[in-house]
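Q: Following this message is one structure expressed as structure tokens.
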Amino acid sequence: MPSSTVPYIGRFAPSPSGPLHMGSLVAAMASYLDAKVHQGAWLLRIEDLDYDRNVDGADAAILASLLRCGMAWDGEATWQSRRLPLYQAALRRLQDDGLVYACGCSRKEIQDSVLQAGLAKNGAAVYPGTCRHGLAHGKAARALRLRVPEGAAAVYGFVDRWHGEVRQDLASEVGDFIVLRGDGYWAYQLAVVVDDADQGITQVVRGADLLDSTPRQLYLQDVLGLPHPGYLHVPVVNNAFGEKLSKQTGALAFDTGTSPAELLASALLPAARFLGLDLQAGSLDDFWRRAIPAWAQRLSRQP
Ligand code: GLU
């Protein structure tokens, strides 16, 4: 459990690629409950840096859904697209420290070199370091990559409050990773670390699809001189095909035109059940009154 002497600041950080659906509701609920159990603040940050995936109006729809569910955030919501100078400043620091280099590899070239560098456990191609010592003659830069350490320094471990010990060797399982794409898109890994630190986040509660991003984020925090928050990754909701529920896999918004009673029955209670909270509730208020202590109890059973 996080120490009670440190003020708790948590957050929910949805990408506005569609409305809130069951998968994102589970992450929102877990982060909200965790903040409430610790009498902490719960901030809302819209992660809208993937301009190809942003859907017009999805941010407003997500905010409205959270409020309808009874999850009000503290302070003003923030949008990553309004915080670009912060990412630029972080990149400058990494560049000044000689940790960043230009990479000219295409996705296909990296895939082709997989035989040499191997696949990460999650099936992603490990970047083989082709451009580490400079761009090959005639190649244009396609991205900026951050050097990961070598040897024992590449192994990052942490204790996840749901999953227990997690370890990853950044050198053999990830490789040097992108912080800025050639088309100007900031990488999620850099932006999330900068924002979590800037907003004083002490506990990150999110879906387990990001479990294997966390070692990269811990490393970035180290090289940027930022503190490590605590982490808790809740299981992700899969669809009938075993794919993570997301806008891309056709997840539907759950609350369009439903009454509070229907919202409770069709969304909040099932999401809570998914998190291992077996609750009965007659109203939204009643739901949250019972869910907060139930979450504290649920966590006491995790490692
Ligand atoms: N924006 C990410 C998503 O919607 C979440 C990132 C995070 O919580 O660190 O999946």
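Q: Among the numbered criteria (1) surrounded by 14 or more Cβ atoms within 10 Å (Cβ to Cβ); (2) closer than 30 Å to residue 266 by Cα; (3) not aromatic (Phe, Trp, Tyr), which one does residue 90 miss?
A: Condition not satisfied by residue 90: (2).
Q: Given the conditions (1) within 27 Å of residue 32 (Cα to Cα); (2) within 17 Å of the chain's Cα centre (by Cα), which single one is not true for residue 167?
A: So the condition that residue 167 fails would be (2).
Q: Further, regarding this structure: Take the residues in the stretch 3-14 that are more than 10 Å from the ligand (Cβ to nearest atom) and in a loop (DSSP other than H, G, I, E, B), then tell me which one is surrounded by the fewest Cβ atoms within 10 Å (Cβ to Cβ). Break it down stepwise before answering.
A: Quick first cut of the stretch 3-14, residues more than 10 Å from the ligand (Cβ to nearest atom) only: 3-10.
If we keep only those that are in a loop (DSSP other than H, G, I, E, B) too, we end up with 3-8.
Numbers: 3: 9, 4: 9, 5: 5, 6: 12, 7: 12, 8: 20.
Among those residues, the one meeting the criterion is 5.
Q: How many of the residues making up the stretch 182-208 are more than 9 Å from the ligand (Cβ to nearest atom), open to solvent by 40 Å² or more (accessible area, probe 1.4 Å) and assigned to a helix (DSSP H, G or I)?
A: Counting residues in the stretch 182-208 that are more than 9 Å from the ligand (Cβ to nearest atom), open to solvent by 40 Å² or more (accessible area, probe 1.4 Å) and assigned to a helix (DSSP H, G or I) gives 1.
Q: State which residue pairs qualify: first residue assigned to a helix (DSSP H, G or I) and inside the stretch 209-232, second residue aliphatic (A, V, I, L, M) and near the ligand (Cβ under 10 Å from one of its atoms) in any location, beta carbons under 6 Å apart, and separation of 6 or more residues or different chains.
A: Taking only residues 6 or more apart or on different chains, the pairs are 209/236; 217/193; 220/193; 221/193.
Q: Hey, can you tell me all the residues within the stretch 15-31 that are within 10 Å of the ligand (Cβ to nearest atom) and open to solvent by 10 Å² or more (accessible area, probe 1.4 Å)?
A: 15, 17, 23, 24, 27
Q: In the stretch 40-54, is there at least one residue being small (Gly, Ala, Ser) and open to solvent by 20 Å² or more (accessible area, probe 1.4 Å)? Before the answer, list the steps.
A: Going through the stretch 40-54, the residues small (Gly, Ala, Ser) turn out to be 40-41.
Now drop any that are not open to solvent by 20 Å² or more (accessible area, probe 1.4 Å), which leaves 41.
Yes, the stretch 40-54 contains a residue that is small (Gly, Ala, Ser) and open to solvent by 20 Å² or more (accessible area, probe 1.4 Å).
Q: Here is a further query. Are any of the residues in the stretch 275-288 open to solvent by 20 Å² or more (accessible area, probe 1.4 Å), within 12 Å of the ligand (Cβ to nearest atom), of a type outside the set (A, V, I, L, M) and modelled with pLDDT of 95 or more?
A: No.
Q: If you go through the stretch 15-48, how many residues are closer than 16 Å to residue 232 by Cβ and in a loop (DSSP other than H, G, I, E, B)?
A: Number of matching residues: 2.
Q: Could you check, for the stretch 167-179, whether at least one of its residues is within 16 Å of the ligand (Cβ to nearest atom), touching a residue at least 60 places away in the same chain (Cβ under 8 Å) and more than 20 Å from residue 225 (Cα to Cα)?
A: Scanning the stretch 167-179 turns up no residue that is within 16 Å of the ligand (Cβ to nearest atom), touching a residue at least 60 places away in the same chain (Cβ under 8 Å) and more than 20 Å from residue 225 (Cα to Cα).
Condition check ((1) touching a Ser or Thr at 6+ places or on another chain (Cβ under 9 Å); (2) at pLDDT 90 or above; (3) among the hydrophobic types (A, V, I, L, M, F, W, C); (4) open to solvent by 40 Å² or more (accessible area, probe 1.4 Å)) across all residues:
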site: 107; (1), (2), (3), (4): no, no, no, yes
site: 114; (1), (2), (3), (4): no, no, yes, no
site: 127; (1), (2), (3), (4): yes, yes, no, no
site: 130; (1), (2), (3), (4): yes, yes, no, yes
site: 139; (1), (2), (3), (4): no, no, no, yes
site: 151; (1), (2), (3), (4): no, yes, no, yes
site: 172; (1), (2), (3), (4): no, yes, no, yes
site: 180; (1), (2), (3), (4): no, yes, yes, no
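The values are calculated or read from the model by the stated rules, or taken from the named source; none is laboratory data. The shown structure was predicted, so the numbers you read here are calculated from the model rather than taken from an experiment. Glycine also receives a Cβ, built like all others from the backbone with ideal geometry; neighbour counts cover every protein chain displayed. In case anyone asks, the SASA skips ligands and DNA or RNA and just uses the protein heavy atoms, side chains included. Shrake-Rupley method; radii C 1.70, N 1.55, O 1.52, S 1.80 Å.
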